[in-house]
Amino acid sequence: MQTIYESFIASTDANPGKALFEQPGGADVSYAEARELVERLAAVLTDLGVQPGDRVAVQTDKSTQTICLYLATLQVGGVYLPLNSAYTGAEIDYFIGDAGPRLFVCTPATLEDHKARESGELRIESLGAAGDGSLMDLAEGATPRKDHVAREMSDHAAILYTSGTTGRSKGAVLTHGNLASNAAALLESWRYTGDDRLIHALPIFHIHGLFVAANMTIAAGATMIWLTKFDAEQIVDLMGDATVLMGVPTFYTRLLKSDRLSRDTASNMRLFVSGSAPLLAEDHRAFEEKTGHPILERYGMTETGMITTNPYDGARKPGAVGMALPGVEVRITDRETGKALPDGKIGAIEVRGPNVFEGYWKMPEKTASEFRDDRFFITGDLGQIGEDGYLRIVGRDKDLVISGGYNVYPKEIEGLIDDLPGVVESAVIGLPHPDLGEGVTAVVVAEPGADLDEKGVIAGIGDQLARFKQPRRVLFVPELPRNVMGKVQKAELRKTYADLYK
Ligand code: MCA
Ligand code: AMP
């Protein structure tokens, strides 16, 4: 097996002139051009002191240059640490403090603010969406570095932070073997080849946009039609010239609203993939009716990459996430005892395989608590394997809201709301939302006579939280429903307010 970086070199050698990126309204970037920039960036990283194993943290806008920076980090043996561009100062402080990167690359607009963090151990440079910024200035004059640092499959390739249901965010450490094996399994399962032309409209700081969409394209030697933002009408326009789309369910909800989505406009496409959150069965059916394409739904996680997929050739079933990928094992267990359950029973979804991460960065106890003794990882999702062999996710054993494909951990928001003057306590829940799947909603108990309203709560926590984590609505109640053990009954709140966004 090759590392993703080695696959990139192989794809470049095989077809140097082929477009890796096609940018509507902008310039194409061939594999050879991308490689030239990767090698110049690798020289810059080396000059900046990035050694094998060093973290390179990146919070930039989506650009082809950011993908080149990712590949350059792999070339020098560094560990890539992408950060959501919506994270605010306080969130960034935590990630930098925890991961201790050698280099942090931000946007040109935020460079001045971040420069204050610079020290002997930490360099700060910038990279802009237009290929501008201090890092690119350095790359301009650099001599391309031709060699690469050989890496074992067990060496670290990336750290992706996932918020915790309790306490601090955890950095999931992914190895070269995790990335390479998952890309290989997906290429095989989805028949993805160098002939494919992927509409890439996802962000590139998560597994979905980076390690599914981009890694697969790079490993196959295919082409990405590169969009910096999701726009349903633009995607319908591009379908005639593309073969694959990968998206979160909100992409499909929005595409279905386009009058121009039809069998005709989708006739050149061979595959539509959905993941990161549950796809509504009604959207699955409506999409097939309108376009003739049954969406292929798959299931994954930051810690594991992709786990299961509906079949390429067999039935792609609404409401099901399919079967384990080649080389990956999935089982359903009793949540308490960890004992395997027979098909048909609902239990904890556990996974083992070359896709499963090494552990959480500097958190050995947390890591140990989420693995069974036989190295099965406990996903925190609840599911059932049917007689048909398909896995269906029926719920979550973790307190998590997924809004537009982004994970939001209630605990983090509740902590900030509870600290506001006049608040007794709060519960943050996800309620069915027609566009985002789930809408983040805060239910708050205020002190008697407190001067507090919906706007005040949102404003009070706004500057500490990325926008996508902020509650869309804040509801006030005299008290929160609790069970006999005193635990807040979030399921009851979800039932009471189920129609809030309808
Ligand atoms: C944008 N906003 C959101 C979200 N996205 N609010 C809540 N939840 C969101 N997901 C805010 C914006 O800040 C803006 O706020 C307002 O909503 C309207 O923005 P709009 O233009 O409608 O949004 P958009 O830019 O079109 O974004 C919607 C989106 C986006 C395209 C669905 O959220 C997206 O790209 N999601 C994909 C996430 C993803 O890649 N997930 C994979 C991670 P204001 O107006 O106040 O500024 S999970 C993963 O990787 C696992 C392993 C897996 O299985 O795949
Ligand atoms: P993250 O931690 O951001 O990687 O999110 C992973 C979580 O997203 C999983 O544990 C699931 O709860 C959810 N998820 C991913 N894909 C699907 C899917 N197809 N259906 C339902 N939930 C999904």
- Task: Return only the number of the condition from (1) at pLDDT 95 or above; (2) not basic (Lys, Arg); (3) not in a helix (DSSP H, G or I) that ASN182 does not satisfy.
- Result: (3)
- Item | Failed condition for LYS398, given (1) at pLDDT 95 or above; (2) assigned to a loop (DSSP other than H, G, I, E, B); (3) surrounded by 13 or more Cβ atoms within 10 Å (Cβ to Cβ) | (1)
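Here are GLU365, GLU336: which of them is without any contact (Cβ under 8 Å) to a residue 40 or more places away in the chain, of a type outside the set (Ser, Thr, Tyr) and outside any loop (DSSP other than H, G, I, E, B)?
Numbers: GLU336 fails: outside any loop (DSSP other than H, G, I, E, B).
Just one listed residue meets the conditions, GLU365.
I'd like to check something: does the stretch 166-173 contain any residue that is surrounded by fewer than 19 Cβ atoms within 10 Å (Cβ to Cβ) and under 17 Å from the mean Cα position of the chain (by Cα)? Walk me through how you get there before you give the answer.
Let us first name the residues in the stretch 166-173 that are surrounded by fewer than 19 Cβ atoms within 10 Å (Cβ to Cβ), namely 166-169.
Checking which are under 17 Å from the mean Cα position of the chain (by Cα) leaves us with 169.
So far as the stretch 166-173 goes, yes, one or more of its residues are surrounded by fewer than 19 Cβ atoms within 10 Å (Cβ to Cβ) and under 17 Å from the mean Cα position of the chain (by Cα).
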- Look at ASP231 and say whether it is touching a residue at least 40 places away in the same chain (Cβ under 8 Å), among the charged types (D, E, K, R), open to solvent by 10 Å² or more (accessible area, probe 1.4 Å) and more than 14 Å from ligand 2 (Cβ to nearest atom). no
- Item | Among the candidates ALA130, ALA180, ALA142, residue that is away from ligand 1 (no atom under 16 Å from the Cβ), small (Gly, Ala, Ser) and open to solvent by less than 10 Å² (accessible area, probe 1.4 Å) | ALA180
- Top-ranked residue of the stretch 203-235 - restricted to ones that are outside any strand (DSSP E or B) and of a type in the set (Val, Ile, Thr), ranked as farthest from GLY404 (Cα to Cα): ILE218
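For the stretch 296-313, enumerate the residues that are among the β-branched types (Val, Ile, Thr) and either more than 14 Å from ligand 1 (Cβ to nearest atom) or open to solvent by 30 Å² or more (accessible area, probe 1.4 Å) (or both).
THR302
Looking only at the stretch 316-332, decide whether some residue is out of contact with any strand residue (DSSP E or B) (no Cβ under 7 Å at 6 or more places or on another chain), of a type in the set (Gly, Ala, Ser) and either within 16 Å of ligand 1 (Cβ to nearest atom) or at negative phi (or both).
The answer is no; no qualifying residue exists.
The values are calculated or read from the model by the stated rules, or taken from the named source; none is laboratory data. Predicted, not measured: the structure shown is a model, and the values here were computed from it. In this analysis, Cβ positions are derived from the backbone assuming ideal geometry, glycine residues included, and neighbour counts consider all displayed protein chains. Areas reflect the complete protein model, heavy atoms only, side chains present, ligands, DNA and RNA absent. Shrake-Rupley method; radii C 1.70, N 1.55, O 1.52, S 1.80 Å.
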